[in-house]
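Novice: Handing you this structure, nothing more for now.
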Amino acid sequence: MLLVRTTCVGLSEESLLAGLASAEPDTGAAFIRRFQGRVFGLAYTILGDREAANEVAQDAFVRAWRHAATFDPRRGTVATWLLTITRNLAIDAARVRRPLPMDPVVFNSLNLTASEPDPSEDVTTERELARLRSAVAELPAEQRRCLLLAMFHGLTAREISELDDVPLGTVKTRIRSALLKLRSALEVHDD
């Protein structure tokens, strides 16, 4: 085994990537050892959080393994390709984590003062919130994720498509289907 590992040390980046793509354990491990510092460092620089940077680094290596066949050496080096994957994943992770401005209507409905709300105002009750949470929980996982990323994290369908690596049309269909199911579950009707 040691003999195999020492032979991987002198391999080119392209050879290591080919070994990763073909699921050769020693070559794949050598690929990760060669790039792990740079990948983690870039993710940590963008995110400023060790745990999040570790997740992004792992995702970057998984994505490199999945898409190794698409690597084109005419467009750049393996390192540049891998660090571009890492950068994109880290930016996506930062977008999901960013603080979002609160909608003024939601802020006002929080009722931060001790006074009672005006009866003429449209106030969401705990019971209604519980119904909504229950209806959202009943959605299929893919639909729920797309809906929550769009509604509460402010991501566009295109951003969700890139984040989840699924076609844009699929994301739009998932969001629409989720909204229709919620509408039905909550018995919302057009007046």
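What follows draws every value from the coordinates through simple rules; no lab data is involved. What you see is a predicted model, and the numbers here were worked out from it, not measured in a lab. No Cβ is skipped: glycine too gets one built from the backbone with ideal geometry, and neighbour counts run over all protein chains shown.
Novice: Compare the peptides 53-61, 144-152 by average per-residue count of other Cβ atoms within 10 angstrom and give them in order, highest first. Write down the numbers at each step before the final one.
Specialist: Working: 53-61: 20.3, 144-152: 17.9.
In decreasing order of mean packing, 53-61, 144-152 become 53-61, 144-152.
Novice: Rank by packing, highest mean first: peptides 128-141, 77-90, 172-185, with packing defined as the count of other Cβ atoms within 10 Å averaged across residues.
Specialist: Put in order of decreasing packing, that is 77-90, 172-185, 128-141.
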